[in-house]
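Worksheet for the structure shown next.
The values are calculated or read from the model by the stated rules, or taken from the named source; none is laboratory data. No experiment lies behind these values; they were computed from the predicted model shown. Here the Cβ positions follow ideal geometry from the backbone for every residue, glycine too, while neighbour counts run over all protein chains shown.
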Amino acid sequence: MSKALIVETIKANVEISGVAATRLAGEILGALREELVKEGRLALPEIGSLTVRERAARSGFNPRTQEKIKIKAGAAIKFRPSVSLKTDALAGLKKAKRKATKG
């Protein structure tokens, strides 16, 4: 999903100008980002949740040279989908497979 798609959806459902829809989309996305940074967790109803997780330093290897390397500690964002999103996505996948086998 892109910001342009969000703007088009806002314009189609709310009678406001393109500039206002763009500003509104930017404000919403900014608020979501700010909440994730501040709280470390962001829950989106009927979609899922994003959680910031710390990753410890670890060792790895370069697959080309087989040389051992040290990987720095960092952070990763983990997405956990809601049950309803999983159910809908699975239903859509099954429908697409049935359609592909018929055609």
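Of note:
- Where strands (runs of 3 or more DSSP E) fall wholly inside segment 25-103, the ranges with 1 or more residues that are among the β-branched types (Val, Ile, Thr) and within 27 Å of Glu8 (Cβ to Cβ) are 74-81.
Residue-by-condition table, conditions (1) under 25 Å from Ile28 (Cα atoms); (2) in the same structural domain as Ile28 (by TED's automatic domain parsing); (3) surrounded by fewer than 10 Cβ atoms within 10 Å (Cβ to Cβ):
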| site | (1), (2), (3) |
| --- | --- |
| Leu50 | yes, no, no |
| Lys72 | no, no, yes |
| Lys86 | yes, no, no |
| Ala91 | no, no, no |
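- Any hit, segment 59-79, residues being closer than 29 Å to Ile6 by Cα and of a type in the set (Gly, Ala, Ser): yes
- Segment 46-81, subset of a type in the set (S, T, N, Q) and either modelled with pLDDT of 95 or more or in contact with a Lys or Arg (Cβ under 7 Å, 6 or more places away or on another chain) (or both), residue nearest to Glu34 (Cα to Cα): Thr51
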